[in-house]
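Following: one structure in structure tokens, then a few remarks.
The values are calculated or read from the model by the stated rules, or taken from the named source; none is laboratory data. Here the structure is a predicted model, which is why all the values come from computation and not from measurement. We place every Cβ from the backbone using ideal geometry, glycine too, and count neighbours over all the protein chains shown. Calculation scope for accessible area: heavy atoms of the full protein, side chains included, ligands and nucleic acids excluded. Shrake-Rupley method; radii C 1.70, N 1.55, O 1.52, S 1.80 Å.
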Amino acid sequence: MVSVRLGVLDVGSNTVHLLVVDARRGGHPTPMSSTKASLRLAEAIDDTGKLTRKGADSLVATVDEFAKIATSSGCAELMAFATSAVRDATNSEAVLARVKTETGVPLQVLSGVDESRLTFLAVRRWYGWSAGRIINLDIGGGSLELSGGIDEEPDVALSMPLGAGRLTREWLQEDPPGRRRVAVLRDWLDNEISNSAAKVLAAGTPELAVATSKTFRSLARLTGAAPSGAGPRVKRTLTAAGLRQLISFISRMTTADRAELEGVSADRAPQIVAGALVAEATMRALSLDSVDICPWALREGVILRKLDSEADGTDLVETFAGLAPAKGETR
């Protein structure tokens, strides 16, 4: 089967990311290029819950620029989707309409549950059937996704508004955050995550615990995992013990000092403490001593679903719109 060049445009709470890959059904998607822009859309939400005009202007300009890059890169199709920041904006429909009118790009908004399920698909394909039952944890800027199952379709897929950026804005505005504030957030997270964790565990005991997202990759790097330059197939693990030690260290540092740490970008430095606390609370609620870091996540899940949908005779918009609730889940 001949490969097709695809572009995946991921509009997240912090970053807009264009990934260009050569892909074919049954094959391993091969990354060809990666382009990022830090828009921090979640910080451009005003007091009424709307994405500001300035934020929308930046989004339109970036989507237009990245769409042109995808075209010049030879992409046969651009799959564009948005997650938490655009999803939560009260004027999201108007923003999406403007993006389509001014750039020609139909930006699809993924629900939190679909985000969780597509990420799980990527994890399952990466590790294969021999991994058995998998639990996956994913921390974004605006939300935390949990999923678990034995098949490619998870038995349970959940999304909670517990992203690293969101919690930093709501809880950790001091720099560095106060010890008392960190302790209160820890207790609050334990309470918020407990019910969701119980649902995931009720679906079955995992044989493999996995984590995805830039937040988890950064945390693993800070606790001694191999750098990204070592390649995607090097095993990387984050332990609960290492994470606890890391939190006691980085929670006393300023944002500027954290940005100097290897594995933490300037964009991620402000929210790495909140991300670490979410990771810690989630692993504690799921009784996980460690998680393996998977290099594939949501973008790869979108690519794989796209290839599957073509085999089924549907297009990507129909695929997203037709995603049925996960096993045991309702909408």
With N residues in region 28-134, Rg(alpha-carbon) / (2.2 N^0.38 Å) equals 1.25
Note to self: with every protein chain in place and a 1.4 Å probe, region 28-119 gives an accessible area per residue in Å² of 47
Taking Rh as the Kirkwood radius computed over alpha-carbon pairs of the chain and applying Stokes-Einstein at 37 °C with viscosity 0.692 mPa s, one gets a diffusion coefficient in µm² s⁻¹ of 163
With T = 37 °C, eta = 0.692 mPa s and Kirkwood Rh from C-alpha pairs, the Stokes-Einstein D of region 122-202 in µm²/s is about 231
For 32-38, 225-231, 237-243, 118-124, ranked highest to lowest by mean beta-carbon neighbours within 10 Å, the order is 118-124, 237-243, 32-38, 225-231
In Å, the C-alpha Rg and Dmax of region 232-318 are 17.7, 54
Per residue, the convex hull enclosing the alpha carbons of region 120-269 has a volume in Å³ of 113
Here the residues of region 254-268 lying in the modelled label zone of Arg181, meaning backbone nitrogen under 13 Å from a point 7 Å along Cα-to-Cβ, are 254-255
Residue span Ser72 to Thr254: 0.36 nm per residue of separation minus Cα-Cα distance leaves a gain in nm of 61.4 nm
Region 1-143: antiparallel bridges as % of DSSP beta bridges, rounded to 5, reads 70
Residue separation between Ala240 and Ser287 times 0.36 nm, minus their alpha-carbon distance, gives in nm 16.0 nm
Between Met32 and Glu174, the two model label points (7 Å from Cα along the beta-carbon direction) sit apart by a distance in nm of 5.1
Per residue, accessible area of region 137-221 with a 1.4 Å probe, heavy atoms of protein chains only, in Å², comes to 41
With a 1.4 angstrom probe the carbon and sulfur portion of accessible area for the chain, in percent, totals 49
